[in-house]
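Colleague: Before we start, here is the structure in question, set down as structure tokens.
What follows draws every value from the coordinates through simple rules; no lab data is involved. What you see is a predicted model, and the numbers here were worked out from it, not measured in a lab. Quick reminder, even Gly has a Cβ in these numbers, built from the backbone with ideal geometry, and neighbours come from all protein chains shown.
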Amino acid sequence: MMHAEPTPTEQSVDTARILLQKVQELLTHPADELKTVLIREMLEGVLKLYEMPIELLDIKILNRAFKELRYAFRVFHPYHAIPKVSIFGSARTSPDDPTFQLAVRFAHLLSQRGFMVITGAGEGIMWAGHQGAGKERSFGVNIMLPFEQVPNPTIANDPKLVNLKYFFTRKLLFVRESHATALFPGGFGTLDEAFEVLTLVQTGKANPVPIVCLQAPESDYWDRWYEFLKKELVGRRFIAESDLALFKIFTHEEPAVQEIQTFYRNYHSIRFVNDELVVRIKHPLTSGQLAQLHRTFSDLLARGTFVQRGPLPEELDEPALAELPRVVFHYHRRDAGRLRQFIDWLNAQSSEQDTNSTTSCVDVEN
């Protein structure tokens, strides 16, 4: 005997019943877990939208952005422990261009050193990054444009390819999921991404990360860009001289990859706890090094001094990091370039045998 297909009304009733059951489970779940608290707040926010006199287009934007991020987080989650590098550059760079070949070699070397790469999934430098790293160690974060940017052959149909409508969700993923940024010559989009990540790091809205600018030996693309920054931005006091320490320029893949690895030689991660900056390191400093730290970087202090210690009570929610030494101080939050120089100094205190270590970092908590 054949059963009739449920009508749209019956399907709607079933969906509503399932949603009510899930909401009931959420509301009755003990509220001593932060995840539960935050999801309840999100649910409350959605219900307030229903009551607000808000444009339908605004609802569509919120709905699409939420879906994109939810799906992307699910794609990236299984690879959370693997360090990743975001690669930017022109989609118009041809395979016979020396810059394309440099990007291939750079991504291949990254994959050999244990990294995965994230690119915009298109042609040019994005394809070069995927070619070099290989499909297994590549993520694609594709943007859907009016002229339909098609994913390159290496990442097309791969489960690690995410297609997005909005640039802002795409940018968030590039920064959120990566532990370094690599910039190759490009147009408006490349420079947009370059200034985006520099702005986020400079203002403390993103973790300090290594930012490497690569150009073929016969190219002066980033050299001319640097001169513009120095003359027009530093010269007019729009940025500090120390802000130029937030990035470095390379013409070969080996030193660029080494720069990324060295950044995590001794430095592990940072976290703000109230008005104190907690810098997690892999190897404790000696008393002499701690004294040198104060002499060299006292200009980073809002007050007090640098203290080496174990985890603060507020850090107990990260038990995996409990054994790491900490350097804790009251950072004035006004000079990200000097903070980067401080991290370089910490890494210089580590032994050479740690050069090839890589590790993931936790988010800055503001």
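Colleague: Under the rule of at least 5 residues apart or a separate chain, name every residue whose amide H is placed under 5 Å from the amide H of Ile239.
Modeller: Result for Ile239 returns Val234.
Colleague: Rounded, prolate or oblate: which fits segment 83-125, taking a ≥ b ≥ c as square roots of the Cα gyration tensor eigenvalues, rounded meaning a/c under 1.5, else prolate when a/b beats b/c? Kindly include the intermediate steps, with their values, before the conclusion.
Modeller: Working: a/c = 3.24, a/b = 1.52, b/c = 2.13.
Note, shape of segment 83-125 comes out oblate.
Colleague: To continue, here is another question. About the Cα centre of segment 267-354, how large is the charge dipole given +1 on each Lys and Arg Cβ and -1 on each Asp and Glu Cβ? Please answer in debye to the nearest 20. Intermediate values should be presented prior to the final figure.
Modeller: Details: 11 positive and 12 negative charges, 67 e Å.
For segment 267-354, the charge dipole is close to 320 debye.
Colleague: Now for a separate question. Mind giving me the nanometre distance, one decimal, between the label points for Ala240 and His80, set 7 Å out from Cα along Cα→Cβ?
Modeller: Between Ala240 and His80, the label points sit 3.4 nm apart.
Colleague: Follow-up. Relative contact order for segment 267-354 using alpha-carbon pairs under 8 Å, separation at least 6, rounded to a whole percent?
Modeller: Numbers: 111 pairs, mean separation 29.7, N = 88.
Answer for segment 267-354 is 34 percent.
Colleague: In nm, give the distance between the simple-model label positions of Leu229 and Arg40, each being 7 Å from the Cα along the Cα-to-Cβ direction.
Modeller: Reported label-point gap for Leu229 and Arg40 is 4.6 nm.
Colleague: How high is the relative contact order of segment 9-149, given as a whole-number percent (alpha carbon pairs under 8 Å, six or more residues apart)? Can you show the working numbers first?
Modeller: Details: 135 pairs, mean separation 23.9, N = 141.
Taking the mean separation of contacting Cα pairs over the length of segment 9-149, I get 17 percent.
Colleague: Now a separate question. What lysines could a cross-link reach from Lys135, if we take a straight Cα to Cα line under 21 Å and drop same-chain neighbours fewer than 8 places away?
Modeller: Lys84, Lys160
Colleague: In addition: Please report the relative contact order for segment 78-263, taking Cα pairs under 8 Å with a sequence separation of at least 6, and give it as a percent rounded to a whole number.
Modeller: Details: 333 pairs, mean separation 41.2, N = 186.
Relative contact order comes out at 22 percent.
Colleague: Once phi is turned into θ = phi - 60°, what whole-Hz ³J(HN,Hα) does the Karplus curve with 6.51, -1.76 and 1.60 give for every residue of segment 296-311, x standing for Gly and Pro?
Modeller: Per residue, the Karplus-derived 3J(HN,Hα) values read 8, 10, 5, 5, 7, 8, 7, 6, x, 9, 8, 10, 9, 7, x, x Hz.
Colleague: Among all stretches of the chain without exposed trypsin sites (Lys or Arg not before Pro) (DSSP loop, at most 10 other Cβ atoms within 10 Å), which one is longest? If you can, show how the numbers build up before the last one.
Modeller: On the way: sites that count: Arg236, Arg237.
Segment 1-235 is the longest.
Colleague: Suppose every Lys and Arg Cβ carries +1 and every Asp and Glu Cβ carries -1, with no other charges. What dipole size does the chain come out with about its Cα centre, to the nearest 20 debye? Before the final figure, lay out the partial values.
Modeller: Working: 40 positive and 46 negative charges, 89 e Å.
I would put it at about 420 debye.
Colleague: Determine the calculated [θ] at 222 nm for the chain from helices alone, applying -39500 (n - 2.57) to every DSSP H run no shorter than 4 residues and normalising by the residue count; nearest 500 deg cm²/dmol.
Modeller: Values: 11 runs with 153 residues, N = 366.
My calculation for the chain gives -13500 deg cm²/dmol from helical runs alone.
Colleague: Also: With unit charges on the beta carbon (Lys/Arg positive, Asp/Glu negative), name the residue among Thr154, Thr36, Pro83 whose Cα is farthest towards the positive pole of the charge dipole of the chain.
Modeller: Pro83
Colleague: Moving to a separate point now. Considering the dipole of the chain built from charges on the beta carbon (Lys and Arg +1, Asp and Glu -1) around the Cα centre, which of Gln349, Leu301, Leu339 is farthest to its positive end?
Modeller: The residue sitting farthest along the positive end of the dipole is Leu301.
Colleague: Largest first and in whole Å, give the semi-axes of segment 78-263's equivalent ellipsoid, each being the square root of 5 times a Cα gyration tensor eigenvalue. Kindly include the intermediate steps, with their values, before the conclusion.
Modeller: On the way: eigenvalues 121, 63, 57 Å².
Working through the eigenvalues yields semi-axes of 25, 18, 17 Å.
Colleague: Checking the a/c ratio against 1.5 first, then a/b against b/c, what shape does the Cα gyration tensor give for segment 267-354? Mind dumping the intermediate values first?
Modeller: Working: a/c = 1.59, a/b = 1.07, b/c = 1.49.
Cα axes put segment 267-354 in the oblate bin.
Colleague: If I model a spin label at Leu316 and Ala16 as a point 7 Å from the Cα along the Cα→Cβ vector, what separation in nanometres do I get?
Modeller: 4.6
Colleague: Whole angstrom only: what separates the Cα centroid of segment 237-253 from the Cα centroid of segment 107-133?
Modeller: 23
Colleague: Taking amide H positions as placed 1.01 Å from N in the peptide plane, with prolines and chain starts having none, which residues 5 or more places from Val273, or on another chain, fall under 5 Å of its amide H?
Modeller: Val278
Colleague: Out of residues 5 or more away from Ile143 or on other chains, whose amide H comes under 5 Å of its own, with H placed 1.01 Å from N in the peptide plane?
Modeller: Amide H to amide H, under 5 Å and 5 or more residues apart or across chains, Ile143 pairs with Leu164.
Colleague: Tabulate in residue order the Karplus-calculated ³J(HN,Hα) for segment 23-34, using 6.51 cos²θ - 1.76 cosθ + 1.60 with θ = phi - 60°, rounded to whole Hz; enter x for Gly and Pro.
Modeller: 5, 4, 4, 5, 6, 8, 5, x, 8, 9, 10, 4
Colleague: OK, next. Need one number for the chain: average projected area of the convex hull over its C-alpha atoms, nm².
Modeller: It is 25.0 nm².
Colleague: Stretched out fully, how many nm does the piece from Asp158 to Leu56 gain, at 0.36 nm a residue minus the Cα gap? Please list the in-between numbers first.
Modeller: On the way: separation 102, 0.36 × 102 = 36.72 nm, distance 3.35 nm.
Once the chain is fully extended between Asp158 and Leu56, it gains 33.4 nm.
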